[in-house]
Amino acid sequence: MARAVVLGVTAVFLGLFLFVPLAAIFGEALRRGWGVYWAAVTDPAALAAVRLTLVAVAVAVPLNLVFGLAAAWVVARHRFPGRSVLVTLIDLPLAVSPVVTGLMYMLVFGLQGWFGRWFWDRGIEVVFAVPGIVLATVFVTLPFVARELIPLLEEQGDEEEQAARLLGASGWQMFWRVTLPNVRWALLYGVILSVARAMGEFGAVSVVSGHIRGRTTTAPLHIEILYNEYNFAGAFAVATLLALTALGTLAARSVLEWRTRETAE
Amino acid sequence: MSIEVRKVTKTFGNYVALREVSLEVKAGELVALLGPSGSGKTTLLRTIAGLEAPDAGGGEVLFEGRAFGDLPADERKVGFVFQHYALFRHMTVFENVAFGLRVRPKGVRPKEDEIRERVMALLKLIQMENLAGRRPGQLSGGQRQRVALARALAIEPRVLLLDEPFGALDARVRQDLRQWLRRLHDEMHVTSILVTHDQDEALEVADRIVVMNQGRVEQMGTPDEVFHRPATEFVMDFLGHVNLFHGRVESGRTVIGGVAVEAPGGPEGAAARVLVRPHQLQIERTAGGSESLRAKVERVQSAGPVVRIEVICETGERLRVDLSHDAFEQTPVQRGDEVFVKPREARVFLEDYTI
């Protein structure tokens, strides 16, 4: 009986706060028909926004894949002074509000900031341009890969790596043949989380973007602009793209969890 | 390949794991490092394997008289078997065993069919040809341990190091595997060092035993030497159950209660600790002059290879006596009987120095 109540409450809550809004996005987007939907999605500014989002993902995720893997390995395998500081730093982007992140980048790379003038003099725009957006995305997605890997590496221990070295493997052979295969699903999971976060990032990117339509607007920023212009159909149409990537992320996540269980057995 | 450990000291922070440990292992020998946990035996093994470095200026490990780094690549082959196997969990049994061959540099890497042949020969040796496609997670503990051993043997090691190889297994499986390991060693003659805390395992398998305690070597010798002529009280205590008596030196003999133990004495009146193994005590119905201790039988357990009798002496010491079934039949006793216990042999350790 109590179980049924808890289940019911959970179902109602999830329905109200997750499923209904999700359905509303698709409903709103298609309310004025497929023609309007298609026009909104293929609008040049919308396409440019999606492209910019993909560029930010394409740069930020591989960077954080390499950094996250390296940082996780260093933290899990070594004891050194400043180790706990490093762990805290990795978590910093989760603790700092994205808007504050954006402001930090303005302070450092803005024209009135510490290095902004130096870059400007050399013809490189950082804020209000693509580099700033990419930097902000790298920052907000930094923790995901490392946080997935650290507990797993610590749990697995380093005996397999030692065994590989004693059997004559070089450091690289050990990494490619033992370390990496052992964490591959967790690594992929971290990447998926990073992709999802990079695509959806609003606050930090909003501050450094400057909202130059068709040039420095990412998909979430473009949605906001359309919405503020009372172009609801357009806003919701672009929103469906983000919602679909989110659903894709969930599906990939479920597959991964299932794979991880399989290999664990 | 012979191994020489020269005055190796290893500390972890404030903790001294090894204190100037020296030992030699002859080529083809199987040596057991025996000691309780915390005695430094695993640290010593890991130092020999190169997984730990001795402290700066804290001694060295030599192979055939040379430092490991000075050996030609062909001789730098150390097979190491981890206590918890450390099998590569994402690889099949076959790939685990093949690993050491596959990671060789191009020029010396065997061809694919040669690798297959050698791996299958090893799997046959450990009687697991049928399980080549399994992953470690699908194997029993004993099977994993055998795969770990095959993986270490695949690189044709000059030295084989085993860290508590049977520690995590059932008593029955342990027994089988250690006999198997001994036969294997007799066939291959790889210089081997085995770490264990199980004295039966060390006594059964090893050519020589190194007994360790608190980072030091207590005694080194053949199983017979360490068992029958223990150099210290620790060694005697660790290598099997002992009964302890507190005695005193009187006119060149050690005396416990009314019983004089034949042993060359120390200074008159010195306190002595007399250690007697359960099988070195005998039980008599009548007092044999001053040579026995009066005691009361507490418990008789005759199910087993020997009859185990617990008695309490009138001086309060609780003793364990192991009798053969034949001897027990000649003087059967039961709980509550008054008997006289007589040590046939004893080892006497005086305070501060030993005899």
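The values are calculated or read from the model by the stated rules, or taken from the named source; none is laboratory data. Quick caveat: nothing in here was measured; it's all calculated off a predicted structure. Here the Cβ is made from the backbone with ideal geometry for all residues, glycine too, and neighbour counts use every protein chain on show.
Conditions first: (1) surrounded by 17 or more Cβ atoms within 10 Å (Cβ to Cβ); (2) part of a helix (DSSP H, G or I); (3) not small (Gly, Ala, Ser); (4) not assigned by TED's automatic domain parsing to the domain that holds B:Leu162. B:Val249 passes all but one, so which condition is the exception?
(2)
Return the residues of the stretch B:62-75 that are surrounded by 15 or more Cβ atoms within 10 Å (Cβ to Cβ) and either over 30 Å from B:Arg144 (Cα atoms) or within 8 Å of another protein chain (Cβ to nearest Cβ) (or both); say none if nothing qualifies.
Across the stretch B:62-75, the qualifying residues are B:Leu62, B:Leu71.
When only residues in the stretch B:77-122 that are within 29 Å of the chain's Cα centre (by Cα) and aromatic (Phe, Trp, Tyr) count, which is farthest from the other protein chains (Cβ to nearest Cβ)?
The residue in question is B:Tyr85.
Against the conditions (1) modelled with pLDDT of 90 or more; (2) more than 26 Å from A:Leu107 (Cα to Cα), where does A:Ala198 fall short? Just the number, please.
(2)
Within the stretch B:172-187, is there a residue that is of a type in the set (Phe, Trp, Tyr) and not in a loop (DSSP other than H, G, I, E, B)?
First pass over the stretch B:172-187, keeping only residues of a type in the set (Phe, Trp, Tyr): B:180.
If we keep only those that are not in a loop (DSSP other than H, G, I, E, B) too, we end up with B:180.
Yes, there is a match, as at least one residue in the stretch B:172-187 is of a type in the set (Phe, Trp, Tyr) and not in a loop (DSSP other than H, G, I, E, B).
Here's a check for you: in the stretch A:155-168, which residue that is over 18 Å from B:Glu75 (Cβ atoms) and among the aliphatic types (A, V, I, L, M) is farthest from the other protein chains (Cβ to nearest Cβ)? Don't jump to the end; show me each part of the working.
Within the stretch A:155-168, the subset over 18 Å from B:Glu75 (Cβ atoms) is A:155-164.
Filter once more, keeping what is among the aliphatic types (A, V, I, L, M): A:163-164.
Numbers: A:Ala163: 4, A:Ala164: 7 Å.
Once the filter is applied, the top-ranked residue is A:Ala164.
Condition first: buried (at least 18 other Cβ atoms within 10 Å of the Cβ) and under 18 Å from B:Asp176 (Cβ atoms). Now tell me which residues in the stretch B:132-141 satisfy that.
B:Leu139
Kindly list the number of the only condition in (1) more than 14 Å from chain B (Cβ to nearest Cβ); (2) loosely packed, with under 15 Cβ neighbours inside 10 Å that fails for A:Val205.
Only one criterion in (1) more than 14 Å from chain B (Cβ to nearest Cβ); (2) loosely packed, with under 15 Cβ neighbours inside 10 Å is unmet by A:Val205, namely (2).
Name the residues in the stretch A:168-209 that are touching a Lys or Arg at 6+ places or on another chain (Cβ under 7 Å) and of a type in the set (A, V, I, L, M), would you?
Within the stretch A:168-209, A:Ala169, A:Met174, A:Ile192 qualify.
So which of A:Leu188, A:Leu166 is buried (at least 17 other Cβ atoms within 10 Å of the Cβ), in contact with a strand residue (DSSP E or B) (Cβ under 8 Å, 6 or more places away or on another chain) and over 30 Å from A:Phe109 (Cβ atoms)?
Details: A:Leu188 fails: in contact with a strand residue (DSSP E or B) (Cβ under 8 Å, 6 or more places away or on another chain).
Every option except A:Leu166 fails the conditions.
Would you confirm whether or not the stretch B:158-169 contains a residue that is more than 30 Å from B:Thr47 (Cα to Cα) and assigned by TED's automatic domain parsing to the domain that holds B:Glu29? It would help to see each step written out before you state the result.
First, the residues of the stretch B:158-169 that are more than 30 Å from B:Thr47 (Cα to Cα): none.
Within the stretch B:158-169, not a single residue is more than 30 Å from B:Thr47 (Cα to Cα) and assigned by TED's automatic domain parsing to the domain that holds B:Glu29.
Please give the number of the condition B:Glu351 fails out of (1) under 17 Å from B:Val261 (Cα atoms); (2) surrounded by 13 or more Cβ atoms within 10 Å (Cβ to Cβ).
Unmet for B:Glu351, out of (1) under 17 Å from B:Val261 (Cα atoms); (2) surrounded by 13 or more Cβ atoms within 10 Å (Cβ to Cβ): (2).
Would you point out the residue of the stretch B:123-165, among those that are more than 24 Å from B:Asp74 (Cβ to Cβ), outside any loop (DSSP other than H, G, I, E, B) and in contact with a strand residue (DSSP E or B) (Cβ under 8 Å, 6 or more places away or on another chain), that is nearest to the other protein chains (Cβ to nearest Cβ)?
B:Asp163
Taking the residues in the stretch A:19-65 that are within 22 Å of the chain's Cα centre (by Cα) and small (Gly, Ala, Ser) as candidates, determine which candidate is surrounded by the fewest Cβ atoms within 10 Å (Cβ to Cβ).
A:Ala58
Those residues that are crowded, with 16+ Cβ neighbours inside 10 Å, of a type in the set (S, T, N, Q) and in contact (Cβ under 8 Å) with a residue 24 or more places away in the chain, I need them from the stretch B:209-246; list them, please.
Selection gives B:Asn213, B:Asn243.
Test B:Glu24 against the criterion of being among the charged types (D, E, K, R), crowded, with 16+ Cβ neighbours inside 10 Å and within 22 Å of B:Leu194 (Cβ to Cβ), and give yes or no.
no
Residue by residue through the stretch B:22-34, note down the ones that are touching a residue at least 60 places away in the same chain (Cβ under 8 Å) and either out of contact with any helix residue (DSSP H, G or I) (no Cβ under 6 Å at 6 or more places or on another chain) or on the phi > 0 side of the Ramachandran plot (or both). First the steps, then the outcome.
Of all residues in the stretch B:22-34, those touching a residue at least 60 places away in the same chain (Cβ under 8 Å) come to B:22-23, B:25-34.
Passing the criteria: B:Ser22, B:Leu23, B:Val25, B:Lys26, B:Ala27, B:Gly28, B:Glu29, B:Val31.
When you look at B:Arg318, is it among the charged types (D, E, K, R), in contact with a Leu (Cβ under 7 Å, 6 or more places away or on another chain) and modelled with pLDDT under 90, yes or no? Break it down stepwise before answering.
On the way: among the charged types (D, E, K, R): yes; in contact with a Leu (Cβ under 7 Å, 6 or more places away or on another chain): no; modelled with pLDDT under 90: yes.
Against the criterion (among the charged types (D, E, K, R), in contact with a Leu (Cβ under 7 Å, 6 or more places away or on another chain) and modelled with pLDDT under 90), B:Arg318 does not qualify.
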